[in-house]
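Worksheet for the structure shown next.
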């Protein structure tokens, strides 16, 4: 099989490419990424010379490029998205363009090239916010997005389903809970807190710190996407969760513990606008149909993640300084 992976230079996409090539050594991957601020080719430095891997710099909104690439592959997995809620609140334009228009471009190309297999990677944030006693999100939960980011992802989910019903496009969708692991851009909670502490800085906690998220290791997520691509029922949605609901304060205290630090390193900051209180994901459907469930215990995975950031300071320091952009831009232009 030959796959087109969009957004493969980002956190989840790069981990997926590495996972997939390891587990499907005879398959080929084309990685299409625009290399926006969160796209980083250093995430894939260890496999950039793999003969089954090819990188293409480009925008998923560029129909001519997308149509050409889709015509050369058997299936598409769409990881490409603007994902940071805070940025979407400041300016939603890029979110609408990439997450909605970009998805439409990919769908049109898949349709025009003989209805290629299409898997769309989405988020549990499309379902809105849960109360403390509410049941976890599942595949039948009504959509109720609360931020421009989640609204744009909700719209893209609806587009994907419409191409299945209108054109018979062989699609699947996965809605996943909060990912963590290596190569995550250091604006996100866990890598931000870890890198701040390494630098001797305080960690910024929104509001009272009691917002709850369900955490899943990126490797468990990508194993689920792989299963859905090969064995998922066409036209269906699958929820992927980590069975690890934690408050932001619990995450903070765990990370502080790993550094031998106390509450004096917490800086409480004004809460995010429209900050969803709780997410939780019921993954019983994919467990029943595809025998998937998370394997990595949260405490073990988080401890390994903290160690990864400690041992790969050059990687994230280049990001925080902006150096990674200049270096890889030059390297790419010289090819």
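The values are calculated or read from the model by the stated rules, or taken from the named source; none is laboratory data. Being a predicted model, the structure only gives us computed values, none of them experimental. Quick reminder, even Gly has a Cβ in these numbers, built from the backbone with ideal geometry, and neighbours come from all protein chains shown.
Quick check: is even one residue across the stretch 67-81 free of Cβ contacts under 8 Å to residues at least 24 places away in the same chain and farther than 28 Å from residue 227 by Cβ? Scanning the stretch 67-81, I find at least one residue that is free of Cβ contacts under 8 Å to residues at least 24 places away in the same chain and farther than 28 Å from residue 227 by Cβ, so the answer is yes. If I filter the stretch 225-243 for residues that are at pLDDT 95 or above, in a strand (DSSP E or B), within 16 Å of residue 191 (Cα to Cα) and in contact with a helix residue (DSSP H, G or I) (Cβ under 9 Å, 6 or more places away or on another chain), do I get at least one hit? No - not one qualifying residue is present in the stretch 225-243. Summed over the stretch 137-158, the residues that are touching a strand residue (DSSP E or B) at 6+ places or on another chain (Cβ under 9 Å) and more than 16 Å from residue 285 (Cα to Cα) give a count of 6.
Inspection of the stretch 106-126 identifies no residue that is part of a loop (DSSP other than H, G, I, E, B), over 30 Å from residue 64 (Cα atoms) and out of contact with any helix residue (DSSP H, G or I) (no Cβ under 6 Å at 6 or more places or on another chain). Scanning the stretch 132-143 for residues that are touching a helix residue (DSSP H, G or I) at 6+ places or on another chain (Cβ under 6 Å) and either surrounded by fewer than 21 Cβ atoms within 10 Å (Cβ to Cβ) or modelled with pLDDT under 95 (or both) yields 139, 141, 143.
Checked against (1) closer than 21 Å to residue 323 by Cα; (2) in contact with a strand residue (DSSP E or B) (Cβ under 8 Å, 6 or more places away or on another chain); (3) in contact (Cβ under 8 Å) with a residue 24 or more places away in the chain, residue 40 meets all criteria but (2).
Applying the set (1) part of a loop (DSSP other than H, G, I, E, B); (2) in contact with a strand residue (DSSP E or B) (Cβ under 7 Å, 6 or more places away or on another chain) to residue 293 leaves exactly one unmet item: (2). Does residue 318 count as at pLDDT below 95, farther than 26 Å from residue 129 by Cβ and in contact with a helix residue (DSSP H, G or I) (Cβ under 7 Å, 6 or more places away or on another chain)? Yes. Taken over the stretch 91-102, the residue count meeting the criterion of being touching a helix residue (DSSP H, G or I) at 6+ places or on another chain (Cβ under 6 Å) and either assigned to a loop (DSSP other than H, G, I, E, B) or under 11 Å from residue 66 (Cβ atoms) (or both) is 1. The set of residues in the stretch 259-279 that are under 25 Å from the mean Cα position of the chain (by Cα) and either part of a strand (DSSP E or B) or modelled with pLDDT of 95 or more (or both) contains only 278. Among the criteria (1) farther than 25 Å from residue 132 by Cα; (2) part of a loop (DSSP other than H, G, I, E, B), the one residue 208 does not fulfil is (1).
Considering the stretch 146-186 alone, what residues qualify as being in a loop (DSSP other than H, G, I, E, B) and either under 17 Å from the mean Cα position of the chain (by Cα) or at pLDDT 95 or above (or both)? Scanning the stretch 146-186 gives 147, 168, 169, 170, 177, 181, 182, 183, 184, 185, 186.
Within the stretch 115-128, no residue that is free of Cβ contacts under 8 Å to residues at least 40 places away in the same chain sits with its Cβ atom under 7 Å from a residue that is assigned to a loop (DSSP other than H, G, I, E, B) at 6+ positions apart or across chains.
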